[in-house]
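Scroll down for the structure; my scribbles are underneath it.
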Amino acid sequence: MRISDRPAPPSLLWRDAEPGRAYDVVVVGGGGHGLATAYYLAKHHGIANVAVLERGWLAGGNMARNTTIIRSNYLWDESARIYEYSLKLWEGLEDELDCEILFSQRGVLNLAHSLGDVRESKRRVNANQLNGIDAQWVGPEEVGKLVPILDVTDRPRYPVLGATYQPRAGIAKHDYVAWGYARAADALGVDIVQNCEVRGFETSGNRVVAVNTSRGRIGLDRLALCAAGHSSGLAADLGVRLPLQSHPLQALVSELLEPVLDTVVMSNAVHVYVSQAHKGELVMGAGVDAYVGYGQRGSLHVIEEQLAAAVELFPIFARAHVLRTWAGIVDVTPDASPIVGHLPYDNAYINCGWGTGGFKATPGIGSVYADTIAAGRPHDLALPYALDRFATGRLIDEHGAAAVAH
Amino acid sequence: MLRIPCPHCGERDETEFEYGGQAGVAYPEDSAVLDDRAWSEYLFYRDNPRGWFCERWFHTAGCRQWFVVERHTVTDEIAGPPRADFTAKRRT
């Protein structure tokens, strides 16, 4: 698709609302999850007296920094259910929001490079199929047919021995997704309040009654945290400790190139994941930097390793140039699965810990989180993700399927 | 890339080191009596500050010693000399 063919952003976006005095629900965090949550609260539950508070500008955090990959081929039943639920919502999202989001189901290949990878991949395919997910195992020849520019010979140090393939996976344009949700939520009456930093909370007994912000005090009936990498600090203001570590996760794009890659390709073992965006740039994701960091930048050696892996797999990429690199702050849990549910207050909820997988979950968690907040009990799909699993031991270990080593 | 001051070898590139997370997390003294919540705290909960943080690093490609560095998690600035004492608490 040429640049001139891309749909223009919709003319009416959203009101830049002034903060009101009080709301039925205050959502903290104006990223994809926060906006989707507000939209579904208004759309499905008739709760439109909602504010989304954003410290910076709308969707300027991880929503602007991810690599836009959407898939549901996770190992465990709990994960497969919520990601597949999300993928099904993605499939109808353009109609739902009446907005072009360039959702392209171009398929994802997760490459296997060792006997261990092959066994793990086949196990995951089997688990996926039992959960009704369109995963299949493909050998190196088929991988080569799907992606002719991928070197499937035995030349690379870690040759491609096959891959899992999920044809319904794909990408979407992240900005359009955020704008689509923001516009639709705004149309239903949600206040989107930007440049509004949360500085603390007021509590009364076992309830949170207000949030103190850089733009004044805002009363609330229910509080929904949705702040990804900054969740630890917000929860600490409520006296709650979360098992999160915030890390920089880097990504980069090349200059605009002619179409050469129409499938998403991911490799855990040599560590790169790449797709080609509609306007032509190669979008690549790297690993997380090992250390705790909030600076939205990472170390160069992580980018170097990622590019080495990309060029090893795709020799043609050696001629491409890096245009831009950046980092988002991802909140990683010990089991690489999210935390969704109640905080230890009667009317406060948390959605965090999506680590490297938050974008693909946007519609799904928006819907599930809104239902959880509206009904005051965890949605069935959120139930396994309660904070208490770290004490009960019911962990959901998705380090293998999470795609980014951490 | 971070430049990490090793107390034994001097300042080196981050790629020579491995990260060890929060410093000063001691193994529970009387582990037999811990309940699930206390075990969970020891196993899974670590500080995650936006600001100064005492953290452990291991000089994998050098002296192969653990030590503690105090680093600011937004600016990556490192405060003072590193310490070989890994129960060390924050100075800032």
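Of all DSSP beta bridges confined to the protein assembly as shown, the antiparallel ones make up roughly 75%. Note on A:Arg155 and B:Arg64: their simple-model spin labels are 3.8 nm apart, each label 7 Å out from Cα toward Cβ. For chain A, what does -39500 (n - 2.57) per DSSP helix run (n ≥ 4), summed and divided by total residues, give at 222 nm, in deg cm²/dmol to the nearest 500? Rounded to the nearest 500, the figure is -8000 deg cm²/dmol.
For the residues of A:285-292, the average number of beta carbons from a partner chain within 10 Å of their own beta carbon is 5. Within the accessible area of the protein assembly as shown, what % is carbon and sulfur when the probe is 1.4 Å and the other protein chains stay in place? Solvent-exposed carbon and sulfur of the protein assembly as shown make up 50 percent of the total. Per-residue Karplus couplings for the stretch A:252-260, computed as 6.51 cos²θ - 1.76 cosθ + 1.60 with θ equal to phi - 60°, are listed in order as 7, 10, 8, 5, 6, 10, 4, x, 10 Hz, Gly and Pro entered as x. Full extension of the segment from A:Ala236 to A:Asp221, taken as 0.36 nm per residue of separation minus the current Cα-Cα distance, would add 3.4 nm. For the stretch A:279-295, putting each phi into the Karplus relation 6.51 cos²θ - 1.76 cosθ + 1.60 with θ = phi - 60° gives couplings of 7, x, 7, 7, 10, 10, x, 10, x, 6, 5, 5, 8, 5, x, 10, x Hz, in residue order, rounded to whole numbers and with x for Gly and Pro.
The H on the amide N of A:Arg222, modeled in the peptide plane, is under 5 Å from the matching H of A:Val25, A:Val26, each at least 5 residues off or on a different chain. Shielding by partners for peptide B:37-49, expressed as the average number of C-beta atoms from other protein chains within 10 Å of each residue's C-beta, is 6.
When only the Cβ of Lys, Arg, Asp and Glu is charged (+1, +1, -1, -1), the dipole of the protein assembly as shown relative to its Cα centre reaches about 400 debye.
Counting 0.36 nm for each residue step from A:Lys122 to A:Leu395 and taking away their Cα separation leaves a gain of 96.1 nm. Spin-label model, B:Tyr27/A:Asp134: points 7 Å from Cα along the beta carbon direction are separated by 5.2 nm. Taking packing as the residue-averaged number of other Cβ atoms within 10 angstrom, the listed peptides A:334-342, B:10-18 run from highest to lowest as A:334-342, B:10-18. For the stretch A:199-358, a Kirkwood hydrodynamic radius built from all Cα pairs, placed in the Stokes-Einstein relation at 10 °C and 1.306 mPa s, yields a translational diffusion coefficient of 89 µm²/s. Taking 0.36 nm per residue of sequence separation and removing the Cα-Cα distance, the A:Ser114/A:Arg207 pair yields an extension gain of 28.3 nm. Against the compact-protein benchmark of 2.2 N^0.38 Å, the Cα-based radius of gyration of the stretch A:11-82 scales to 1.34. When the alpha carbon coordinates of the stretch A:142-248 are projected onto the principal axes, the ranges are 65, 36, 23 Å, largest first. Taking a sphere under 9 Å around the Cβ of A:Trp14 and counting the other residues whose Cβ falls inside, with K and R at +1 and D and E at -1, yields a net charge of 0. When only Cα pairs below 8 angstrom with a gap of at least 6 residues are kept, the stretch A:18-76 shows a relative contact order of 37 percent.
For chain A, the normalised intensity computed at q = 0.12 Å⁻¹ comes to -0.92 (log10 of I(q)/I(0), Debye sum over alpha carbons, equal scatterers, no solvent).
Here the Karplus curve 6.51 cos²θ - 1.76 cosθ + 1.60, taken at θ = phi - 60°, turns the phi angles of the stretch B:60-76 into couplings of 4, 9, x, 7, 6, 10, 7, 7, 10, 10, 9, 10, 8, 7, 9, 8, 6 Hz, with x standing for Gly and Pro.
The values are calculated or read from the model by the stated rules, or taken from the named source; none is laboratory data. All figures in this text were calculated on a predicted structure; none of them were measured in a lab. As a convention, Cβ positions derive from the backbone with ideal geometry for all residues, glycine included, and neighbour counts pool all protein chains shown. These accessible areas exclude ligands, DNA and RNA; they are computed on the full protein's heavy atoms, side chains included. Shrake-Rupley method; radii C 1.70, N 1.55, O 1.52, S 1.80 Å.
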